[in-house]
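A short worksheet on the structure shown next.
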Amino acid sequence: MIRFTTAGESHGRALIVILEGIPAGLTVNSEDIDVELARRQKGFGRGLRMRIETDTVRILSGMRHARTLGSPIALCVKNKDWENWRGVMSPISVDLDGKILTKPRPGHADLAGLMKYGVADFRDILERASARETAARVAAGAVCKELLKEFNINIFSYTVQIGNVAANTGNVPKDKLWHNTEMSYVRCPDAAASKKMIRLIKNAASKGDTLGGKFTVAVQNLPAGLGSHTQWDLKLDGRLARSLMSVQAIKAVEIGEGAKFASLPGSSAHDEIFYKRDKGFHRNTNRAGGIEGGMTNGESVEITCTMKAIPSLSKPLRSVDLASKKPVKAEAVRSDVCAVPAAGVVAEAAVAVEIAGALKEKFGGDCIEDMKKSFESYVKRVKNI
């Protein structure tokens, strides 16, 4: 089993992630993790926090000479902004001058968390509910990406919509999809749509508003048979949906054609099966998004996520003061205008962890060489069907 847990607050000393189940013998350089952390910080519409932080990872355990040991891997990402919040966020001393937050933001965890945990200051809630936590997830996902690369499995994402501007990705050649995405300030492969998205973000910022959107995550070169139909909690699409829905502000997950299936007859909803000696079993379409019956079918896994607009507005919505119970404007907390491009990178990490977990479940092995031998044997058997 590959699993991870994170710890840390948005303005605390650091974020920590402990990742278990990575086989021994995998080469992982801290620079590779730092690249993913930097990708998460980019994107037009990010807030002032990104000018403060320059996320880099410190590997605390689970590796020796840049190779995994098979034991739990502990990774640390320091918060530079901690220096500005030492008093407010000290885990031991009490800051009597710290402002108590009593005006919860609609759409955030503030009020529900305050009710659940019985606190009087919802900073106790927002610090952990903050999307800053995703830096730790991206670090864990970066290690899992290195594992997947050993099997030639690649993961990438791209923005398909921000606000009411949708990209026309169908006109982008598949071999240009990744390059165009990484060259775009909003991580959108459609250059014309990118320009419109940037203008839309600027307009929202001028009004004190925020924007949501959609992005797609694609996983290429997957073997058929990851996941299982035998139990509800082993189905790969269910596991992916759960992981992606746990990412802050994600409100919908669609695999393949997703919601479009509601209007498609069976004759147009499924991917017909073909066979060629040099290619084996294959499909000419991928409406299923690479998953059938809870298992990969050999095509690319394609998942589209919908992200809501961030609830921290510079011109806040109406709320109620927890102390006086009188109508007020919600707290104005520093945030992004649009984080859709960054959310795609976070989603890549979430998907990487789930795919890596399914890969290890299928092929086992305490070391990377054992996994590879099992993988190669399976691919050979499937090819001869």
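Cβ-Cβ under 7 Å, sequence separation 6+ or interchain: first residue in region 28-54 and of a type in the set (Ser, Thr, Tyr), partner at pLDDT 95 or above. Which pairs?
If the second residue must be at pLDDT 95 or above, the pairs left are Ser30/Val57; Ser30/Ile59.
Can you name the residue in region 145-156 that is within 13 Å of the chain's Cα centre (by Cα) and of a type in the set (A, V, I, L, M, F, W, C) and, of all such residues, is surrounded by the fewest Cβ atoms within 10 Å (Cβ to Cβ)?
Phe156
Among the residues that make up region 308-317, is at least one of them over 28 Å from Thr5 (Cα atoms) and touching a Pro at 6+ places or on another chain (Cβ under 7 Å)?
Within region 308-317, one or more residues are over 28 Å from Thr5 (Cα atoms) and touching a Pro at 6+ places or on another chain (Cβ under 7 Å).
Of everything in region 191-222, what is assigned to a loop (DSSP other than H, G, I, E, B), in contact with a Gly (Cβ under 9 Å, 6 or more places away or on another chain) and closer than 19 Å to Thr306 by Cβ? Give them in sequence order.
Thr210, Gly212
Take the residues of region 163-192 that are within 14 Å of Gly344 (Cβ to Cβ) and aliphatic (A, V, I, L, M): which is surrounded by the fewest Cβ atoms within 10 Å (Cβ to Cβ)?
Leu177
Got a number for residues in region 280-301 being in contact (Cβ under 8 Å) with a residue 24 or more places away in the chain and in contact with a Phe, Trp or Tyr (Cβ under 9 Å, 6 or more places away or on another chain)?
Of the residues in that region, 5 qualify.
Output the residue which, of all residues in region 89-103 that are out of contact with any Asp or Glu (no Cβ under 8 Å at 6 or more places or on another chain) and among the polar types (S, T, N, Q), is surrounded by the fewest Cβ atoms within 10 Å (Cβ to Cβ).
My answer is Ser93.
When you go through Leu126, Leu114, Leu60 one by one, which is the residue that is assigned to a strand (DSSP E or B) and either surrounded by fewer than 14 Cβ atoms within 10 Å (Cβ to Cβ) or of a type outside the set (S, T, N, Q) (or both)?
Leu60
Failed condition for Glu299, given (1) part of a helix (DSSP H, G or I); (2) farther than 19 Å from Phe215 by Cβ, with all others met?
Of (1) part of a helix (DSSP H, G or I); (2) farther than 19 Å from Phe215 by Cβ, only one is false for Glu299: (1).
Those residues that are in contact with a Gly (Cβ under 6 Å, 6 or more places away or on another chain), not in a loop (DSSP other than H, G, I, E, B) and not β-branched (Val, Ile, Thr), I need them from region 302-345; list them, please.
Glu302, Met307, Cys338, Pro341, Ala342
With respect to the numbered conditions (1) surrounded by fewer than 16 Cβ atoms within 10 Å (Cβ to Cβ); (2) touching a helix residue (DSSP H, G or I) at 6+ places or on another chain (Cβ under 7 Å); (3) among the small types (Gly, Ala, Ser), which one is the sole condition not fulfilled by Ser267?
(2)
Please go through region 196-222 and give me each residue that is surrounded by fewer than 23 Cβ atoms within 10 Å (Cβ to Cβ), under 14 Å from Ser314 (Cβ atoms) and in contact (Cβ under 8 Å) with a residue 12 or more places away in the chain, ordered by number.
Ala204, Ala205, Lys207, Gly208, Asp209
Can you tell me which residue is farthest from Gly45 (Cα to Cα) among those in region 223-259 that are without any contact (Cβ under 8 Å) to a residue 40 or more places away in the chain, part of a loop (DSSP other than H, G, I, E, B) and not hydroxyl-bearing (Ser, Thr, Tyr)?
Within region 223-259, the match that is farthest from Gly45 (Cα to Cα) is Gln231.
For Glu348, indicate whether it is assigned to a strand (DSSP E or B), surrounded by 19 or more Cβ atoms within 10 Å (Cβ to Cβ), within 20 Å of the chain's Cα centre (by Cα) and of a type in the set (Asp, Glu).
no
Against the condition at pLDDT 95 or above, within 19 Å of Ala14 (Cα to Cα) and surrounded by 13 or more Cβ atoms within 10 Å (Cβ to Cβ), how does Pro106 come out, does it pass?
It is false that Pro106 is at pLDDT 95 or above, within 19 Å of Ala14 (Cα to Cα) and surrounded by 13 or more Cβ atoms within 10 Å (Cβ to Cβ).
The values are calculated or read from the model by the stated rules, or taken from the named source; none is laboratory data. Computed from a prediction, not measured in an experiment: that's the story for all the values here. As a convention, Cβ positions derive from the backbone with ideal geometry for all residues, glycine included, and neighbour counts pool all protein chains shown.
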